[in-house]
Amino acid sequence: VNDEVVLRFEFPERPGALFNFLNRLGGRWTISMFHYRNHGAADGRVVAGLVVPEEERHLVGAALDEIGYPYWDESENPAYRLFLG
């Protein structure tokens, strides 16, 4: 997907966590991928893709920080590129 940013998150296992994520990001950018995995812990693991135009990339970090979930940008990770390529 052109302009896709691939992110890895730790989602808290609590009511409203997904709603919070979708409410803050889904209206601004297209969510192109969302994979959730629960390991029976306090946090679930998520890999998500967002379609973000190059000129808006600088806004992504601030939006993610506002959500407050730990995240990592995996857009340049060769393993993700190979898997998702």
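The values are calculated or read from the model by the stated rules, or taken from the named source; none is laboratory data. From a predicted model like this one, the values you see are computed outputs, not experimental measurements. Because the Cβ atoms are built from the backbone with ideal geometry, glycine has one as well, and the counts that use them run over all protein chains shown.
Whether a residue is part of a helix (DSSP H, G or I) and either in contact (Cβ under 8 Å) with a residue 60 or more places away in the chain or small (G, A, S) (or both) was assessed, and A63 passes this test. The number of residues in segment 36-56 being exposed (fewer than 14 other Cβ atoms within 10 Å of the Cβ) and either within 14 Å of the chain's Cα centre (by Cα) or touching a residue at least 40 places away in the same chain (Cβ under 8 Å) (or both) comes to 4.
Taking segment 60-85 as the range and being loosely packed, with under 13 Cβ neighbours inside 10 Å and more than 11 Å from the chain's Cα centre (by Cα) as the test, the residues that pass are A62, D65, E66, G68, E76, P78, A79, R81, L82, F83, G85. The residues on offer are R28, R24, and the sole one that is modelled with pLDDT under 90 and assigned to a helix (DSSP H, G or I) is R24.
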